[in-house]
Amino acid sequence: MISVRDLSIGFGGNPLFENANFKIERDDKIALVGSNGAGKTTLLRIIAGEEEPDEGEIQKQKGISVGYLPQEFLELKGGTVFDEVKSALKLHNELEAAENIIQERLSSEKISRSEKEKLLRELGEIQHRKEISDYYSAEAKIKRTLTGLGFAEKDFYRSIDEFSGGWKMRVHLAKILVAENDLIMLDEPTNHLDLFSLRWLISFLENFKGALLIVSHDRYFIERITNKTFEISNRKINAFPGKFPDYLKFKKEREEQLLSLKKNQEKKIRETQKFIERFRYKATKAKQVQSRIKFLEKLEKIEIENAEREIKIKFNEPPRLPAIPLEVKNVYKSYGELKVLEDVSFTLERGDKMAFVGVNGAGKSTLAKIISGKLFPDKGKVIVHEMTKVGYYSQEVADNLDMNADALDTLMREEHDYTLAQIRSILGAFLFSDDDAFKKVSVLSGGEKSRLALARLLLQKTNLLVLDEPTNHLDYASKEVLQKALIDFQGSVILISHDVDFMKPFINKVLLFENKRVKLFHGGIEYFLKKFSFENAISKPAHENKNELSRKELKRREAELRQKKFRATKNLKERIEKLENEIETLEEKIAFLQNEMTKEEVYSNPQKMKEVQTNFKNSKETLNAALTEWTELSEQLEKIEKEFDV
């Protein structure tokens, strides 16, 4: 569908990637990965036609359409939300415009009979094209998409100018999704979504028939919808034909192998240099010395991009929490006529790490601000124990940093027990390396300010952290640093996030915000997602009230669904397990054969080399077939489990 040939681009003489070659086929669902600044966004912009490469070309099949959601802010002005999304339906709008022109001409009193017959024939053709193009279901599709992305029906006909940048991004995303593009490219699409609109988007993209090329640091999102990985590394674009977890496993193994090869190469270089220095001035060794000098000149050194060292960061040891660090009692909050919270109550216990979840606008951030003392409730009270020290993070906090300080000064001003080297390590973990540590806050981007505010929070001596979307501007490595710190944190946490993978290891309670009230779930984020989906999926007679269902009846239905799930997945799981064992064996065999081909006794013997190459080729083909079957069966299993999870 799209073929990229010999693509090269760079900035200021520094190449991002060189001589890149790859193809995007119609059914590809691709995760585009690479370190910050590797060129992921640039590549998307080139494919979208918004930027020109230095060299190379992109060939697209005739007639294919590409939808592109950029990461940066999109300005949409004028018109209603519904009309803006509808504008993406090109064929729909063309047919509508053509029909209006014909109707207008038919209404003319001066029209001749022959012209009228001709126009009626054209009108009939338009009606036929409407029927075969799903014209009449378009409006319903727009409404489903907007609802899935979190818009209420009352929002459909509001002016776009009334919405924030994040909601405008959702409008643009809706335009891309309804337009029936052949390729959809999304650059960090989850940053502006809540947990529920994210799950809807995942479901939509899982069923999307075209190709996807996605940049995202949301691992849960990427794992659910992609089946290939394109990696930008060392100025190359490498294609990996497998799901994201398989790519990560391969990447780790490759880095270990490269590190070992690099160490051996460096040892060889040292030995060669030592020989040259020792015999440089001996006439009897002149030939050998020159040979080794040429060897070093021609040697292509092994590069390891961003060799990551293990960064372990812990929050300062917090003061011991009381048994009940926080109580929220009968809290009400409105903004003018808009009621946000009504009679909200819950108790936070020592050691709780609680997630606030709900659609955007449900009141999560409002309650977080009330707990942190940034807002006051209209009614009710928040009881913060005198021994509870609250640390608060939000984009608003990030924007209020001292503009005249640099990144290093911002952290050094905090009361802490860290050395300068440790402070530099913390800055490095949040992508402030080398001279970036001396950047003035005033010149930092919004994302950089957010990362700096998070780094500063690590140093504060607090025992209750209130974090509002802390992962939006973090890459995989930085998120992992923060995640590990939160796992080890001895205090309590209140977290607003849509990043399921980030929350999995440490969240133990979930507070759902719905219809201005809250409901507490005792369990982690995965338990909540299963429980919430189950409770909303139970079908009942129209007269039956969900609240009337007894716990015994719920448990009976849960057990019934578990039994159905077991029967539906048993054979699939057995086959998948068998395939995984076969794949592991084949991968070990292929690695062995690859090593054999590097041995002199093999590559210097044509017969042996041919046997090993044939064995290697056959093993690769068998492995690819097994991987294909494993992928297909795993996707089947995921779909079945989604239907039955309780």
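The values are calculated or read from the model by the stated rules, or taken from the named source; none is laboratory data. Bear in mind that the values here come from a model prediction, so they are computed numbers and not experimental data. Here Cβ is always computed from backbone atoms with ideal geometry, including for glycine, and neighbour counts include all displayed protein chains.
Let me spell it out: the conditions are (1) among the charged types (D, E, K, R); (2) within 18 Å of ASN508 (Cβ to Cβ); (3) surrounded by fewer than 16 Cβ atoms within 10 Å (Cβ to Cβ), and GLU317 meets all of them except one. Which number is the exception?
(2)
If we scan segment 487-506, do we find a residue that is assigned to a loop (DSSP other than H, G, I, E, B), crowded, with 23+ Cβ neighbours inside 10 Å, assigned by TED's automatic domain parsing to the domain that holds LEU401 and hydrophobic (A, V, I, L, M, F, W, C)?
No.
Picking from LEU427, LEU486, LEU459, which residue would you name as being within 23 Å of ILE371 (Cα to Cα) and touching an Asp or Glu at 6+ places or on another chain (Cβ under 8 Å)?
LEU459
Within segment 90-129, work out how many residues are part of a helix (DSSP H, G or I) and among the hydroxyl-bearing types (Ser, Thr, Tyr).
Within segment 90-129, residues that are part of a helix (DSSP H, G or I) and among the hydroxyl-bearing types (Ser, Thr, Tyr) number 1.
Does any residue in segment 107-133 that is closer than 13 Å to GLU96 by Cα come within less than 9 Å, Cβ to Cβ, of a residue that is loosely packed, with under 12 Cβ neighbours inside 10 Å six or more places away or on a different chain, and which pairs are these?
LEU123/GLN103; LYS130/TYR136
So which helices (runs of 4 or more DSSP H) stay within segment 198-311 end to end and still have 3 or more residues that are closer than 26 Å to LYS40 by Cβ and out of contact with any Phe, Trp or Tyr (no Cβ under 6 Å at 6 or more places or on another chain)?
219-225, 244-279
Kindly indicate whether any position in segment 406-413 is closer than 22 Å to THR471 by Cα, in contact (Cβ under 8 Å) with a residue 60 or more places away in the chain and surrounded by 16 or more Cβ atoms within 10 Å (Cβ to Cβ).
No, segment 406-413 contains no residue that is closer than 22 Å to THR471 by Cα, in contact (Cβ under 8 Å) with a residue 60 or more places away in the chain and surrounded by 16 or more Cβ atoms within 10 Å (Cβ to Cβ).
Take segment 597-616 and flag every residue that is outside any helix (DSSP H, G or I), under 21 Å from GLU587 (Cα atoms) and either touching a helix residue (DSSP H, G or I) at 6+ places or on another chain (Cβ under 6 Å) or not hydroxyl-bearing (Ser, Thr, Tyr) (or both).
Passing the criteria: only LYS599.
Whether any residue in segment 161-171 is free of Cβ contacts under 8 Å to residues at least 60 places away in the same chain, exposed (fewer than 13 other Cβ atoms within 10 Å of the Cβ), among the polar types (S, T, N, Q) and within 20 Å of LEU198 (Cβ to Cβ) is what I want to check.
Checked segment 161-171: at least one residue is free of Cβ contacts under 8 Å to residues at least 60 places away in the same chain, exposed (fewer than 13 other Cβ atoms within 10 Å of the Cβ), among the polar types (S, T, N, Q) and within 20 Å of LEU198 (Cβ to Cβ).
Based on what the data block shows, is LYS252 of a type in the set (D, E, K, R), free of Cβ contacts under 8 Å to residues at least 60 places away in the same chain and more than 30 Å from GLU231 (Cα to Cα)?
For LYS252, the condition - of a type in the set (D, E, K, R), free of Cβ contacts under 8 Å to residues at least 60 places away in the same chain and more than 30 Å from GLU231 (Cα to Cα) - is not met.
LEU464: aliphatic (A, V, I, L, M), over 24 Å from the mean Cα position of the chain (by Cα), more than 20 Å from GLU72 (Cα to Cα) and assigned by TED's automatic domain parsing to the domain that holds ARG424, yes or no?
In short, yes.
Name the single residue that is modelled with the lowest pLDDT among those in segment 102-151 being of a type in the set (Lys, Arg) and under 30 Å from VAL359 (Cα atoms).
LYS141
Given LYS243, LYS263, LYS298, LYS236, which one is exposed (fewer than 15 other Cβ atoms within 10 Å of the Cβ) and closer than 30 Å to LYS23 by Cβ?
LYS236
Every residue, every condition in (1) among the basic types (Lys, Arg); (2) in contact (Cβ under 8 Å) with a residue 40 or more places away in the chain; (3) buried (at least 16 other Cβ atoms within 10 Å of the Cβ); (4) not in a helix (DSSP H, G or I), yes or no:
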| site | (1), (2), (3), (4) |
| --- | --- |
| ILE423 | no, no, yes, no |
| ALA437 | no, no, yes, no |
| ALA455 | no, yes, yes, no |
| LEU467 | no, yes, yes, yes |
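Looking at segment 131-140, can you tell me whether even one residue there is loosely packed, with under 12 Cβ neighbours inside 10 Å and more than 27 Å from MET169 (Cα to Cα)?
yes
Of THR419, THR410, which residue is β-branched (Val, Ile, Thr) and touching a Leu at 6+ places or on another chain (Cβ under 7 Å)?
Testing whether each residue is β-branched (Val, Ile, Thr) and touching a Leu at 6+ places or on another chain (Cβ under 7 Å) leaves just THR410.
Evaluate the following for PHE230: is it in contact with a Leu (Cβ under 7 Å, 6 or more places away or on another chain), surrounded by 15 or more Cβ atoms within 10 Å (Cβ to Cβ) and closer than 23 Å to ILE302 by Cα?
Against the criterion (in contact with a Leu (Cβ under 7 Å, 6 or more places away or on another chain), surrounded by 15 or more Cβ atoms within 10 Å (Cβ to Cβ) and closer than 23 Å to ILE302 by Cα), PHE230 qualifies.
Hey, among the residues in segment 311-337 that are among the β-branched types (Val, Ile, Thr) and modelled with pLDDT of 90 or more, which one's nearest to LEU375 (Cα to Cα)?
Restricting to residues being among the β-branched types (Val, Ile, Thr) and modelled with pLDDT of 90 or more, the top hit is VAL331.
Rundown of residues vs (1) surrounded by fewer than 21 Cβ atoms within 10 Å (Cβ to Cβ); (2) at pLDDT below 90, yes/no style:
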residue	(1), (2)
LYS339	yes, no
ASP343	yes, no
VAL357	no, no
ASN360	yes, yes
LEU367	no, no
PRO377	yes, no
GLY380	yes, no
ASP399	yes, yes
